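Participant: Here it is, the structure in full.
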Amino acid sequence: MKKIILFLFIATNIQIFAQGKLISYEKVDSLNFTQLKAIWKDLSLPQLITSIKNEVDIYELYYNTQLPSGKEVVATGLYYVPKGVQLFPIMQYNHGTVTRNRTSYDYNGESTICKIFAADSYAVAWQDYIGLGKAEGFHPYQHAETAGQSGVDLLKAIKEINQDLGLITNNELFITGYSQGGYSTMAVHKMIEEKYATVFNVTASSPMSGAYDMAGVQSKVMEIEYTQPHYLPYLLYGYQELYNIIDGEFEQIFVAPYDSIIPLYFDKQHSVNEINDILPSIPMDMIDPLYADEFRNNPDFLFRKVLEENNLYKWIPQAPVQFCYCKSDEEVTYENAIVAYDWMKKNGAKNIIKRNVGNTFSHHDCASYAAMYTKFYFDSFRNGAKNGTRGPIMKNILVGIVKGIK
């Protein structure tokens, strides 16, 4: 009987690990000390805040993952490897919202965050998400299961690269990301703890400015003037592919002229700003009143139900979590972090903290400071803190000074 149980355990874990097999990878760039110092100079980033300890190799990879239907798809990602480091942690990074495919590795400006961590001896695994990067097919925007699965499968592929290159990790795993990436950070962390705890062990995560309460506080932006009206049709397209939320021709959910204009712009060739420019400032104004009323008044309306299904705060993380947010964020309301933190604490979560990055920063301006506070938080684990700290007092003061200047 014991042999049968052991066999089933091994077989199950072989099946879990097999998904996400690496397809290919290649080095696409190397950053030497001179180049890294130039980046720090352009950012006005003192090495007293975060140092340059090593040069960095950058790899692009293709790997297998899957949709909720079980259909296997190809996804892409990036891997920032610290050169000459004998033992290092892995940090899985999740980028913010984009609507176009990636043409180089320097995507959406957030690669700078990856370089900062990699230059301080973190190996950074960046996921493009399903249907983005250099992958084909649709992108299931703000969808918990696919964001989590593609992130986990990326980590499996990274294990294969490490083995092939003879790289050795110290078994620490950190997860972070900004905006959509904050949401995806929660998705990856949750999936690992609930489904892949025998494969990976999360050291800590730091979701930054993510929309964790999709059906609650974040849904309010649909009814007011909003700087990012693309958010609503992007959600609808992805959820239509996964859930078939509208019977018949999908574009009927939009009023004219948006029913004919919107499909032309969600082709992965147009930027977020280009899409925003053709949409009304109040997102719900592009929706047919019949569907708008269903969303407001019918709790069984499928779109509302799947939004609730994709909320990402009703779970209890076992590893420490730091929620970063800015109170003047006009794109992702900071209340998302408060809702998540409050629910988790009330339901018994330990070692989770809130980090108000600033009271006056916009969504865009919040990102760089949130990344620094995330680095301090992760560094504290590397320096021996069991549950994490806010980082060295002097470094926090220096960041505060820089924020004050800007």
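Computed from the coordinates by the stated procedures, all read-outs in this text should not be read as laboratory data. Predicted, not measured: the structure shown is a model, and the values here were computed from it. Here the Cβ is made from the backbone with ideal geometry for all residues, glycine too, and neighbour counts use every protein chain on show.
Participant: Can you tally the net charge around residue 154? Count Lys and Arg as +1, Asp and Glu as -1, for every other residue whose Cβ sits under 13 Å from the Cβ of residue 154.
Facilitator: Neighbourhood net charge equals -1.
Participant: Between residue 314 and residue 290, what FRET efficiency comes out of the Förster formula 1/(1 + (r/R0)^6) with R0 = 35 Å and r the beta carbon distance, rounded to 0.05?
Facilitator: Values: r = 30 Å, r/R0 = 0.87.
It comes to 0.70.
Participant: Would you kindly state how much longer the chain becomes between residue 364 and residue 134 on full extension, computed as 0.36 nm times their sequence separation minus their alpha carbon distance, in nm to one decimal?
Facilitator: Full extension of this stretch gives 80.3 nm more.
Participant: Using the 4.7 Å Cβ rule, please list in number order the cysteines from the chain without any candidate partner.
Facilitator: Within the chain, the cysteines lacking a partner Cβ under 4.7 Å are 114, 324.
Participant: Taking a point 7 angstrom from the Cα of residue 108 along the C-beta vector, which residues in the range 123-140 have backbone N less than 19 Å away?
Facilitator: Only 124-140 fall inside the zone, counting backbone N under 19 Å.
Participant: Further question on the same structure: Would you mind counting up the charge near residue 260? Only other residues with Cβ under 12 Å from its Cβ, with Lys and Arg at +1 and Asp and Glu at -1.
Facilitator: On the way: positive: none; negative: 249, 251, 259.
That sum, taken over residues with Cβ under 12 Å, equals -3.
Participant: Follow-up. When Lys and Arg each count +1 and Asp and Glu each count -1, what net charge do the other residues less than 13 Å away from residue 314, Cβ to Cβ, add up to?
Facilitator: Working: positive: 190, 345, 346; negative: 194, 213, 308, 309, 342.
Charge balance in the 13 Å sphere: -2.
Participant: Moving on to the next point. Work out which GluC sites (Glu not before Pro) in the chain are exposed loop sites (DSSP not H, G, I, E or B, at most 16 other Cβ within 10 Å) and give the longest gap free of them.
Facilitator: Working: sites that count: 136, 225, 249, 330.
The longest such stretch corresponds to 1-135.
Participant: Here is a further query. Residue 86 to residue 165: extension gain in nm, 0.36 nm per residue of separation minus the Cα-Cα distance? Mind dumping the intermediate values first?
Facilitator: On the way: separation 79, 0.36 × 79 = 28.44 nm, distance 1.21 nm.
Gain on extension, residue 86 to residue 165, equals 27.2 nm.
Participant: Continuing with the same structure: Quickly estimate the mean residue ellipticity at 222 nm for the chain, helices only: each DSSP H run with n ≥ 4 gives -39500 (n - 2.57), and the total goes over all residues, rounded to 500. Let's see the in-between values first.
Facilitator: Numbers: 13 runs with 163 residues, N = 406.
Rounded to the nearest 500, it is -12500 deg cm²/dmol.
Participant: Just one of (1) 22.1, 71; (2) 22.7, 76; (3) 21.0, 68 is Rg and Dmax of the Cα atoms in Å calculated from these coordinates, so which is it?
Facilitator: Working out Rg and Dmax of the Cα atoms in Å from the coordinates points to (3).
Participant: Then there's this: Can you compute the charge dipole magnitude of the chain about its Cα centre, using +1 on each Lys and Arg Cβ and -1 on each Asp and Glu Cβ, nothing else charged? Give it in debye, rounded to the nearest 20.
Facilitator: I would put it at about 2320 debye.
Participant: Multiply the residue gap between residue 267 and residue 402 by 0.36 nm, knock off their C-alpha separation, and tell me the result in nm, one decimal place.
Facilitator: Details: separation 135, 0.36 × 135 = 48.60 nm, distance 3.97 nm.
This chain segment gains 44.6 nm when fully extended.
Participant: Could you give each residue of the range 43-52 its phi-based ³J(HN,Hα) in whole Hz, using Karplus coefficients 6.51, -1.76, 1.60 with θ = phi - 60°, and x for Gly or Pro?
Facilitator: Using θ = phi - 60°, the values come out as 7, 6, 9, x, 5, 5, 7, 8, 8, 9 Hz.
Participant: Can you flag which of 37/395; 305/327; 314/395 are past 30 Å Cα-Cα?
Facilitator: On the way: 37/395 19 Å; 305/327 28 Å; 314/395 33 Å.
Checking Cα-Cα distances, 314/395 exceed 30 Å.
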